[in-house]
1. Tell me which residues, restricted to the stretch 181-222, are of a type in the set (Val, Ile, Thr) and assigned to a loop (DSSP other than H, G, I, E, B).
2. With the structure loaded, tell me whether ILE34 is within 15 Å of ligand 1 (Cβ to nearest atom) and free of Cβ contacts under 8 Å to residues at least 24 places away in the same chain or whether it fails that test.
3. Would the stretch 2-15 turn up any residue that is over 26 Å from GLY145 (Cβ atoms), more than 16 Å from ligand 2 (Cβ to nearest atom) and of a type outside the set (S, T, N, Q)?
4. Do you know which of the residues in the stretch 55-68 that are crowded, with 20+ Cβ neighbours inside 10 Å and under 24 Å from LEU97 (Cα atoms) is farthest from ligand 2 (Cβ to nearest atom)?
5. Within the stretch 181-201, identify whether any single residue is over 24 Å from ALA12 (Cβ atoms), within 16 Å of ligand 2 (Cβ to nearest atom) and hydrophobic (A, V, I, L, M, F, W, C), and answer yes or no.
6. Given the structure, is ALA189 buried (at least 20 other Cβ atoms within 10 Å of the Cβ) and over 27 Å from PRO43 (Cα atoms)?
Amino acid sequence: MAHLIAPSLLAADFAHLANDVAMVERSSADWHHIDVMDGLFVPNISYGMPVIAAIGRHASKPLDVHLMIEQPDRYIQHFADLNAAVLTVHVEACTHLHRTLAAIREAGMKAGVALNPHTPLHSIEEVLGNLDLVCIMSVNPGFGGQKFIEGTADKVCRLSALRKEGQHEFLIEVDGGVGRQNAASLVDAGADVLVAGSSVFKAEDPEAEVAVLKAAGTALVQ
Ligand code: DX5
Ligand code: ZN
């Protein structure tokens, strides 16, 4: 399967959000990545339901919602109602992760779990058969535009090996500091979904930048 690109709207121009959503729709990107922050799990607050509903009205590509919030169970149904295709929670925020993942699937969404850079893969080993996506954070969550933490490609490689060993089918997503400089090596390591905020939206030609990321790891880009 060719890898997917999910531009993170956190780096969009919020005063002209419809334009940036339209750019993602026109581009070869696959998903809209939507970062929800509560000021508790992470120090920052991003945006909430009304803004996501507005994005949804302009989007036909799937919404990939990344919850950086405490007690995400409280909002599972809200995000199902907002038409999220993927709902990702943080393992560090879930006491009953197995139950949370089941509830996300029951609400009709793909269930994702995100791991902070310091969180070991073994923290999700027992639920690898109960999820649809694992998001490997390559920055400490909370802000866009941070530096990619080296060593993440190795973590992706190890997760990819675990997936093969257990014959699982979840997608591996990488989030934070992703751009043309590391896209190919992440795809080679086993990443299926690349989230990219600043590298896309701060580019001179965001649509062309998406195409570069989409082609990474193939013969089109060296
Ligand atoms: C970080 C968010 C990311 C962020 C990525 O907490 O989860 O999705 O928007 O932004 P860049 O690509 O700029 O690192
Ligand atoms: Zn994210």
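What follows draws every value from the coordinates through simple rules; no lab data is involved. Treat the numbers as computed from the prediction; the structure is a model and nothing was measured. Ideal geometry is used to build each Cβ from the backbone, glycine not excepted, and the neighbour counts take in all protein chains shown.
1. Within the stretch 181-222, THR218, VAL221 qualify.
2. No; evaluated as a whole, the condition is false for this residue.
3. Yes: the stretch 2-15 contains one or more residues that are over 26 Å from GLY145 (Cβ atoms), more than 16 Å from ligand 2 (Cβ to nearest atom) and of a type outside the set (S, T, N, Q).
4. The selected residue is LEU63.
5. No, because not a single residue in the stretch 181-201 is over 24 Å from ALA12 (Cβ atoms), within 16 Å of ligand 2 (Cβ to nearest atom) and hydrophobic (A, V, I, L, M, F, W, C).
6. yes
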